[in-house]
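A.B. asks: Can you read through this structure? Questions will come right after.
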Amino acid sequence: MSRRPFVAGNWKMNKGPNEADALARALKAALANQSAVDVAVAPTYVALPAVTSRLKHSGIHVAAQDIHPSVSGAFTGAIGGEMVRQLGCTYTLVGHSERRSLWNEDDALINSKVHAAFRSGLLPIICIGETLSQRDGNQVEQVLGAQLAKGLEGLEADQVASLTLAYEPVWAIGTGRTASPEQAQDTHQFIRRWLSVNFPDFVSKAVRIQYGGSVKPGNAAALMAKPDVDGALVGGAALQADSFAAIVLAAVP
Ligand code: PGA
């Protein structure tokens, strides 16, 4: 079964509404002729209205960077899934390593956000990954297995089949140090095998697994050529239209 490549850009806390609109406009032009790759961008919340309206009918999807597990309530400063869905988001990131480390998000909270995403009609892109000391200590499979088991708890097989996993080794994020294509493939293969042990066969065949961590135009093609690497989650290189577009085009099968 062939999975459609999926490349997403995580803009993090960069680009207010005006700059985000300009980037979205440039991406719309740069990617107007491609339809072989699913593409999404994740701007800041305040830029979502500008970006969703700019990208309407462009084929480029818009993602939130995070959602609160509740629909609404006394949660000062937080944003619910329904709210971003109303603006036209189709995806949300969940459990990005910066949320895990800077906001102390654990797998139980991440799992409640994954359920909230589905309740809101959003497809989650769930980020998992090990730290350098965990890799050096040969704990990669144990760490990822636990993140998967807890993060996916209570989901229906159909829901799991529809979501995206982003394997982002923490040591590769924003460091310029990428996993080698072989390291990425080995880890993605482990993730897919984990899915095949824990869910019916169709799930592991359908789930798209993005690689993330210092993906650039120069290394994207080799990473995404690997059979279990179905796309990329891009940070720094997603902030410029030409580099992000080059990564998207490198995913064309
Ligand atoms: P990077 O970020 O591409 O800048 O390493 C990736 C991410 O954090 O999703």
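A.B. asks: Just give me the residues in segment 180-193 being open to solvent by less than 40 Å² (accessible area, probe 1.4 Å) and closer than 19 Å to L148 by Cα, in sequence order.
C.D. replies: Residues satisfying the conditions are A184, Q185, T187, H188, F190, I191, R192.
A.B. asks: Name every residue in segment 159-179 that is open to solvent by 40 Å² or more (accessible area, probe 1.4 Å) and at pLDDT 95 or above, in order of residue number.
C.D. replies: Matches in segment 159-179: Q159, S162.
A.B. asks: Is it fair to say I209 is buried (at least 17 other Cβ atoms within 10 Å of the Cβ), touching a His at 6+ places or on another chain (Cβ under 6 Å) and closer than 19 Å to I247 by Cα?
C.D. replies: yes
A.B. asks: Buried (at least 16 other Cβ atoms within 10 Å of the Cβ), at pLDDT 95 or above and not in a loop (DSSP other than H, G, I, E, B), is that true of A29?
C.D. replies: No.
A.B. asks: Looking only at segment 212-228, which residues are on the phi > 0 side of the Ramachandran plot and open to solvent by 10 Å² or more (accessible area, probe 1.4 Å)?
C.D. replies: If the condition is that a residue be on the phi > 0 side of the Ramachandran plot and open to solvent by 10 Å² or more (accessible area, probe 1.4 Å), then S214 is the only one that fits.
A.B. asks: Any idea how many residues of segment 32-53 are assigned to a helix (DSSP H, G or I) and either open to solvent by 60 Å² or more (accessible area, probe 1.4 Å) or modelled with pLDDT under 95 (or both)?
C.D. replies: So the count comes out to 4.
A.B. asks: On to the next question. Give the residues of segment 164-175 that are within 8 Å of the ligand (Cβ to nearest atom) and outside any helix (DSSP H, G or I), sorted by residue number.
C.D. replies: Once the filter is applied, which keeps residues that are within 8 Å of the ligand (Cβ to nearest atom) and outside any helix (DSSP H, G or I), segment 164-175 yields A166, E168, I173, G174, T175.
A.B. asks: What's the number of the only condition in (1) in contact with a helix residue (DSSP H, G or I) (Cβ under 6 Å, 6 or more places away or on another chain); (2) under 23 Å from G9 (Cα atoms); (3) open to solvent by less than 50 Å² (accessible area, probe 1.4 Å) that V203 fails to meet?
C.D. replies: (2)
A.B. asks: Select from segment 123-158 the residues that are under 16 Å from the mean Cα position of the chain (by Cα) and in a helix (DSSP H, G or I) and write down the one among them that is surrounded by the most Cβ atoms within 10 Å (Cβ to Cβ).
C.D. replies: G151
A.B. asks: Sticking with this one: Check A146 against each of (1) more than 16 Å from the ligand (Cβ to nearest atom); (2) among the hydrophobic types (A, V, I, L, M, F, W, C); (3) without any contact (Cβ under 8 Å) to a residue 40 or more places away in the chain; (4) closer than 21 Å to I247 by Cα and name the one condition it does not meet.
C.D. replies: (4)
A.B. asks: Which of (1) in contact with a helix residue (DSSP H, G or I) (Cβ under 9 Å, 6 or more places away or on another chain); (2) open to solvent by 50 Å² or more (accessible area, probe 1.4 Å); (3) without any contact (Cβ under 8 Å) to a residue 24 or more places away in the chain is the odd one out, the single condition S196 does not satisfy?
C.D. replies: Going through (1) in contact with a helix residue (DSSP H, G or I) (Cβ under 9 Å, 6 or more places away or on another chain); (2) open to solvent by 50 Å² or more (accessible area, probe 1.4 Å); (3) without any contact (Cβ under 8 Å) to a residue 24 or more places away in the chain one by one, S196 breaks only (2).
A.B. asks: Does segment 75-112 hold any residues that are away from the ligand (no atom under 16 Å from the Cβ) and crowded, with 23+ Cβ neighbours inside 10 Å, and which are they?
C.D. replies: If the condition is that a residue be away from the ligand (no atom under 16 Å from the Cβ) and crowded, with 23+ Cβ neighbours inside 10 Å, then G81, V84, C89 are the ones that fit.
A.B. asks: So which residues in segment 229-253 are part of a loop (DSSP other than H, G, I, E, B) and surrounded by fewer than 20 Cβ atoms within 10 Å (Cβ to Cβ), if there are any at all?
C.D. replies: L239, Q240, V252, P253
The values are calculated or read from the model by the stated rules, or taken from the named source; none is laboratory data. All of these numbers come straight from a predicted model, not from anything done at the bench. Glycine also receives a Cβ, built like all others from the backbone with ideal geometry; neighbour counts cover every protein chain displayed. Ligands, DNA and RNA are excluded from the accessible area calculation, which covers all protein heavy atoms including side chains. Shrake-Rupley method; radii C 1.70, N 1.55, O 1.52, S 1.80 Å.
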